[in-house]
Amino acid sequence: MSFDTRSGTRGGWQPGTGGALGQWLTKRAVNRIRRSGKAVGFDALVLTTIGRKTGVERTTPVGRFPGKDGSWLIVASAAGAPRHPAWYYNLAAHPDKVQIEMAGRKIAVTAEQLHGVEREKAWQQIIAAVPRFAKYQQKTDRELPVIRLVPRSG
């Protein structure tokens with residue numbers, strides 16, 4: 001499936017990892033997720049992508065939800081900002097060069113964006129589990145992309 005959701009024209013403040021404090025907080029979250037698979041009150045994973053422009057590995061902590069057949073769902077919410085998070089564009093450029101980490105496990109995955117009925121079913125599951133994502137959607141006029149991460153064989 002294609003990564004083709006447009007950015008919006010309005011939305012909330014987009015969190016960043018700039019500055020020493022942001023980098024320190026991100027590092028703590030990543031370490032916690034690597035140990036326990038949890039962060040900020042719900043299940044999470046460490047997403048490793050390849051930068052679309054730089055080719056450099058990038059790691060980001062993101063919330064995770066169970067998908068079908070052993071997959072995981074993540075949301076490119078950026079807390080309801082008008083633009084997608086950078087990792088969304090990295091996934092779009094390299095959907096088959098993705099790795100996740102959680103609770104002591106590293107897993108190579110392939111990323112695919114959900115659309116239509118499949119996205120809507122996943123979205124309802126996500127907002128039932130963590131209602132804050134519905135609030136993120138209300139802040140922006142872009143549709144928050146839902147991504148399925150499927151384990152790669154080999």
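The values are calculated or read from the model by the stated rules, or taken from the named source; none is laboratory data. What you see is a predicted model, and the numbers here were worked out from it, not measured in a lab. Don't worry about glycine lacking a Cβ; one is built from the backbone with ideal geometry, like all the others, and counts go over all protein chains shown.
General remarks:
- Every pair of residues 6+ apart whose Cβ atoms lie under 7 Å, when the first sits in region 54-65 and is over 16 Å from A79 (Cα atoms) while the second is assigned to a loop (DSSP other than H, G, I, E, B): R58/G51
- Within region 88-112, tally of residues that are surrounded by 15 or more Cβ atoms within 10 Å (Cβ to Cβ) and basic (K, R): 1
- Some residue of region 130-141 being surrounded by 14 or more Cβ atoms within 10 Å (Cβ to Cβ), hydroxyl-bearing (S, T, Y) and closer than 15 Å to S77 by Cα: yes
- Residue pairs meeting the criteria (Cβ under 7 Å; at least 6 apart or on separate chains; first within 9 Å of A111 (Cβ to Cβ), in region 80-94; second surrounded by 22 or more Cβ atoms within 10 Å (Cβ to Cβ) and modelled with pLDDT of 95 or more): L91/T49; L91/V98; L91/A111; L91/I147; H94/T49
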